[in-house]
Amino acid sequence: MTAANTAQAVEAVFRIESARIIAGVARIVRDVGIAEEIAQDALVAALEQWPHSGVPDRPGAWLMTTAKHRAIDLVRRKETYARKLAEVGRTLEDTAPPPEPANPQDIDDDLLRLVFTACHPVLATEARIALTLRLVGGLTTQEIARAFLTTEPTVAQRIVRAKRALAKAAVPFEVPYGADREERLASVLEVIYLVFNEGYSATAGDDLVRPALCEDALRLARVLAGLMPKEPEVHGLAALLEFQASRIATRTGPDGEPVLLADQNRAKWNRLLIRRGVEALHRAGTGPYSLQAAIAGCHADAVRYEDTDWRTIAALYARLVVLVPSPVVELNRAVAVSMADGPAAALVLVDALAAEPALRAYHLLPSVRGDLLERLGRRAEARAEFERAASLTRNASEQALLRRRAARLAG
């Protein structure tokens with residue numbers, strides 16, 4: 001194997017194993033920032049040694065062992081080694097650690113701790129997202145910056161500050177329990193949900209969809225569901241993302257233009273992801289993500305757009321707004337009502353949301369209103385709403401779609 005091929009192999013293995021390596025090391029050093037540095041050191045060691053010695057039979061175990069050796073050496077160099085040793089339960093021995101933990105489940109426990117640490121509520125949402133994608137998702141700073149249309153220095157600063165904030169707050173590297181666990185789990189689910197949504201419908205830029213970001217979020221949701229099989233809302237989120245991901249390929253046309261739900265080719269929806277969504281939904285509960293998954297499942301069940309059970313969807317949104325009082329949820333309910341009871345009934349609901357401060361700059365409010373007005377034959381008013389919606393969105397693809405709809409009503 002050439003040096004170039006070896007380097008590619010090292011990077012590929014590290015990308016897959018990095019989260020588990022960082023998690024395993026963090027259990028020893030109790031600091032995710034230091035743990036990431038040690039994991040990077042193990043990567044450098046592999047890049048130096050593997051071209052000469054060859055890629056090991058178990059490259060992931062090699063990286064884990066190397067990183068843990070370095071972590072143990074670091075702890076032993078500390079003047080407070082005895083105290084540190086006690087803190088980790090006196091589990092470290094003078095002999096070298098095994099290539100893999102004696103109990104494979106230990107890795108999963110460490111990974112779960114890493115997820116909860118990276119998504120700690122002490123961090124701002126943007127910092128949680130960046131740190132989670134970096135430590136758990138294995139994305140580079142450049143990839144995170146490109147996904148969220150920001151600069152590398154900005155992302156790097158967020159990650160550095162997040163690590164410092166965790167260290168300053170002395171956030172324990174553990175899976176919380178009781179009320180603390182509920183709060184922290186909500187934060188974890190929110191981060192994964194936000195990452196997926198940004199990929200599914202980009203806030204800004206030229207592309208409506210960023211599939212890679214959706215894939216990263218879906219992978220995190222699947223990992224979390226495997227690590228926490230008894231948490232209904234974890235399965236609810238996993239189901240929701242599976243259903244939504246099944247439609248990604250049909251959300252845009254050949255030139256990247258948006259394709260509305262009514263016009264999507266349902267034969268091209270990913271049936272495997274839909275089946276996975278159904279399986280996850282069976283294990284979900286009645287929380288917000290589970291209700292959203294049930295709504296997405298209704299769309300997945302409809303062979304044709306005309307077959308959609310809009311009354312059930314409207315009823316599910318009514319339940320959702322009780323759990324999550326939100327003008328955005330109310331707007332989505334209005335769309336379902338428009339399909340179940342007609343545009344006039346929905347327009348009353350939408351007009352009631354016009355004064356909501358949270359929707360003042362939300363482009364979907366005038367977009368939905370424009371659609372209702374067009375269906376009622378009020379073309380001039382509809383055109384004005386589409387133009388206003390186009391002026392509010394920062395996504396070029398959505399802007400173009402809204403302007404085309406406005407131009408179609410010019411006559």
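Among the numbered conditions (1) over 24 Å from the mean Cα position of the chain (by Cα); (2) farther than 30 Å from Gly342 by Cβ, the only one that Ala280 does not meet is (1).
For segment 119-171, filtering for residues that are open to solvent by less than 40 Å² (accessible area, probe 1.4 Å) and of a type outside the set (A, V, I, L, M) leaves 7. Among the residues of segment 1-35, those identified as among the β-branched types (Val, Ile, Thr) and assigned to a helix (DSSP H, G or I) are Thr6, Val10, Val13, Ile16, Ile21, Ile22, Val25, Ile28, Val29, Val32, Ile34. Of the residues making up segment 43-58, those that are out of contact with any Phe, Trp or Tyr (no Cβ under 8 Å at 6 or more places or on another chain) and either part of a loop (DSSP other than H, G, I, E, B) or within 21 Å of Ile22 (Cβ to Cβ) (or both) number 10. Beta carbons closer than 9 Å, at least 6 apart along the sequence or on distinct chains, pair a first residue in segment 61-78 that is free of Cβ contacts under 8 Å to residues at least 24 places away in the same chain with a second that is among the aliphatic types (A, V, I, L, M) for Arg76/Leu85; Arg76/Leu92.
Scanning segment 126-174 for residues that are polar (S, T, N, Q) and within 16 Å of Gly199 (Cβ to Cβ) turns up Thr132, Thr150.
Identify all residues within segment 205-249 that are among the acidic types (Asp, Glu) and either under 12 Å from Ile192 (Cα atoms) or open to solvent by less than 20 Å² (accessible area, probe 1.4 Å) (or both); write none if there are none. Glu215, Asp216, Glu242 - these are the residues of segment 205-249 that are among the acidic types (Asp, Glu) and either under 12 Å from Ile192 (Cα atoms) or open to solvent by less than 20 Å² (accessible area, probe 1.4 Å) (or both).
Listed by first and then second residue, the pairs linking a residue in segment 271-283 that is free of Cβ contacts under 8 Å to residues at least 40 places away in the same chain and small (Gly, Ala, Ser) to a residue that is surrounded by 13 or more Cβ atoms within 10 Å (Cβ to Cβ) and not in a helix (DSSP H, G or I), with Cβ atoms under 9 Å apart and 6 or more places separating them unless they lie on different chains, are Gly277/Ser246.
When segment 390-411 is filtered for residues that are out of contact with any Phe, Trp or Tyr (no Cβ under 9 Å at 6 or more places or on another chain), part of a helix (DSSP H, G or I), crowded, with 19+ Cβ neighbours inside 10 Å and free of Cβ contacts under 8 Å to residues at least 60 places away in the same chain, only Ala390 remains.
Scanning segment 255-276 for residues that are assigned to a helix (DSSP H, G or I) and open to solvent by 20 Å² or more (accessible area, probe 1.4 Å) gives Leu261, Ala262, Asp263, Arg266, Ala267, Lys268, Arg271, Leu272, Leu273, Arg275, Arg276. Every listed requirement among (1) under 30 Å from Arg304 (Cα atoms); (2) of a type outside the set (A, V, I, L, M, F, W, C); (3) at pLDDT 90 or above; (4) outside any helix (DSSP H, G or I) is met by Lys230 save one, (1). Just name the residue that is nearest to His235 (Cα to Cα) out of those in segment 277-294 that are part of a loop (DSSP other than H, G, I, E, B) and open to solvent by 30 Å² or more (accessible area, probe 1.4 Å). Filtering segment 277-294 for residues that are part of a loop (DSSP other than H, G, I, E, B) and open to solvent by 30 Å² or more (accessible area, probe 1.4 Å), the one nearest to His235 (Cα to Cα) comes out as Arg283.
Looking at this structure, is Ala280 closer than 16 Å to Tyr193 by Cα, touching a Ser or Thr at 6+ places or on another chain (Cβ under 9 Å), among the small types (Gly, Ala, Ser) and modelled with pLDDT of 95 or more? In short, no.
The values are calculated or read from the model by the stated rules, or taken from the named source; none is laboratory data. Worth saying up front: this structure is predicted, and the values here are computed from it rather than measured. Cβ atoms come from the backbone with ideal geometry, glycine included; neighbour counts cover every protein chain shown. Just so you know, the surface numbers come from the protein's heavy atoms only, side chains and all, with ligands and any DNA or RNA stripped out. Shrake-Rupley method; radii C 1.70, N 1.55, O 1.52, S 1.80 Å.
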